């Protein structure tokens, strides 16, 4: 039977640095997509910022703090992190965005009724899920 050697502390340090670099790059890509979502209709900015947050938590406390303290994104990110709560205006915008997205899909893709019904049910499920999230306590 073959016994594997334990990695040296230097190897662990290099692996840790490489993993942190991957998390950092992924976080930066997600923030970049989120920033693009500010100007591109139907591309959800907050969702990408929410995905970037744990990436920065694993790689860069400074960038994590920047996101959490950002005047535009910070309140929603902090509410989600602490309470799994979604502000009312975000719920409204999400439902409006999904509705517009669905009608754009219908007009441009002109799918058969089975696909359009499946997409409608999928979006309805997520709209109900979002609406049922609590609102942040500080805003009530």
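The values are calculated or read from the model by the stated rules, or taken from the named source; none is laboratory data. Remember, predicted model here, so these are calculated numbers, not experimental data. Quick reminder, even Gly has a Cβ in these numbers, built from the backbone with ideal geometry, and neighbours come from all protein chains shown.
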Which listed residue is under 20 Å from residue 53 (Cα atoms), outside the structural domain of residue 54 (by TED's automatic domain parsing) and crowded, with 16+ Cβ neighbours inside 10 Å, from 136, 75 = 136
What number of residues within region 45-63 satisfy the criterion of being closer than 25 Å to residue 93 by Cβ and surrounded by fewer than 18 Cβ atoms within 10 Å (Cβ to Cβ)?
-> 3
Got a sec? Which of 131, 86 is loosely packed, with under 15 Cβ neighbours inside 10 Å and touching a residue at least 40 places away in the same chain (Cβ under 8 Å)?
-> 131
For the subset of region 43-68 comprising residues that are in contact (Cβ under 8 Å) with a residue 12 or more places away in the chain and more than 14 Å from the chain's Cα centre (by Cα), which member is nearest to residue 96 (Cα to Cα)?
-> 63
